[in-house]
Amino acid sequence: MKMYEKVFEFLTDPTKETFLKCRELVINDPEYDPYSEDIENIQDLLNEGKFEEVIRYTNVNILLSPRAHIYKYFAYKELGDEKGRSIEMTIAQLIFECLEKTGSGTKDSPYIITRISDERDLVRHHLNKQDVSQNLIKDGDKIMDALTLEDGTQLYFDIKVPYQRLAFSFSKRNEQAENKEEEKPQKKKWWKF
């Protein structure tokens with residue numbers, strides 16, 4: 001639990017620097033998966049009325065997800081826990097504010113995200129805008145998502161770390177699959193004894 005406490009150090013000093021330092025703890029964790037299904041899992045638990053499970057649901061992939069904290073806010077609300085509700089909404093708000101501080105959403109200064117879902121969370125739930133399309137952009141060593149909004153403007157998100165982690169996950173999974181193939185004892189053909 002010590003690592004989780006360190007991740008939330010930015011809450012007492014919500015600057016770009018402290019937020020990015022806390023983000024480093026998340027992205028360097030071996031369990032970090034920017035495309036995990038944790039957000040969907042929490043939403044399912046919430047929809048099923050399993051509010052205690054929503055509150056207990058914790059892993060490295062949701063620590064800096066504003067949506068995860070919003071879902072926990074609703075779980076606390078359903079349980080009538082004002083203190084828990086207030087804490088979760090404060091965490092979500094501070095994550096949004098810190099995400100905004102990581103850049104200006106331009107191609108030269110994209111927002112730096114931890115999970116791909118952070119893009120739409122920031123656009124829809126914090127900036128109150130609607131996105132209509134998403135494009136992957138590789139520009140030199142930059143890897144970004146460009147979200148086009150209803151008004152035609154674009155917001156850019158630095159997804160280099162999540163993108164590289166996805167590529168790493170695929171190669172690791174393929175490697176594990178190949179190793180499993182090699183581990184299978186080769187059945188001798190009936191004519192080779």
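The values are calculated or read from the model by the stated rules, or taken from the named source; none is laboratory data. For clarity, every value in this text was computed on a predicted model and none was experimentally measured. Here Cβ is always computed from backbone atoms with ideal geometry, including for glycine, and neighbour counts include all displayed protein chains. All accessible areas refer to the heavy atoms of the entire protein, side chains included, with ligands and DNA or RNA removed. Shrake-Rupley method; radii C 1.70, N 1.55, O 1.52, S 1.80 Å.
A few notes on this one:
- Of everything listed in (1) within 21 Å of residue 126 (Cα to Cα); (2) surrounded by 15 or more Cβ atoms within 10 Å (Cβ to Cβ); (3) modelled with pLDDT under 95; (4) acidic (Asp, Glu), the single unmet condition for residue 38 is (3).
- Residue 118 passes every criterion in (1) within 22 Å of residue 24 (Cβ to Cβ); (2) assigned to a strand (DSSP E or B) apart from (2).
- Any chance residue 13 is under 29 Å from residue 155 (Cβ atoms), of a type outside the set (Lys, Arg), open to solvent by 60 Å² or more (accessible area, probe 1.4 Å) and modelled with pLDDT under 95: yes
- Filter result (of a type in the set (A, V, I, L, M, F, W, C), within 22 Å of residue 165 (Cα to Cα) and assigned to a loop (DSSP other than H, G, I, E, B)) within segment 1-31: none
Here's the yes/no breakdown for (1) touching a Leu at 6+ places or on another chain (Cβ under 8 Å); (2) of a type outside the set (Asp, Glu):
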{"residue": "33", "(1), (2)": "no, no"}
{"residue": "71", "(1), (2)": "yes, yes"}
{"residue": "78", "(1), (2)": "no, no"}
{"residue": "82", "(1), (2)": "no, no"}
{"residue": "108", "(1), (2)": "no, no"}
{"residue": "111", "(1), (2)": "yes, yes"}
{"residue": "116", "(1), (2)": "no, yes"}
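- The condition (being free of Cβ contacts under 8 Å to residues at least 12 places away in the same chain and either within 27 Å of residue 5 (Cα to Cα) or surrounded by 17 or more Cβ atoms within 10 Å (Cβ to Cβ) (or both)) is satisfied by just one residue among 117, 65, 86, 104: 86.
- All told, residue 32 meets the bar of being open to solvent by less than 60 Å² (accessible area, probe 1.4 Å), out of contact with any strand residue (DSSP E or B) (no Cβ under 6 Å at 6 or more places or on another chain) and within 28 Å of residue 143 (Cα to Cα).
- Total residues in segment 68-83, condition open to solvent by 30 Å² or more (accessible area, probe 1.4 Å) and either more than 18 Å from the chain's Cα centre (by Cα) or at pLDDT below 95 (or both): 9
- In the set 155, 94, 147, only one residue is within 24 Å of residue 70 (Cβ to Cβ) and open to solvent by less than 20 Å² (accessible area, probe 1.4 Å); that residue is 147.
- Beta carbons closer than 9 Å, at least 6 apart along the sequence or on distinct chains, pair a first residue in segment 47-59 that is at negative phi and open to solvent by less than 100 Å² (accessible area, probe 1.4 Å) with a second that is aromatic (Phe, Trp, Tyr) and in a helix (DSSP H, G or I) for 51/74; 51/76; 54/71; 54/74; 54/76; 55/76; 57/71; 58/4.
- The residues listed here are 20, 45; of these, the one that is touching a helix residue (DSSP H, G or I) at 6+ places or on another chain (Cβ under 8 Å) and modelled with pLDDT of 95 or more is 45.
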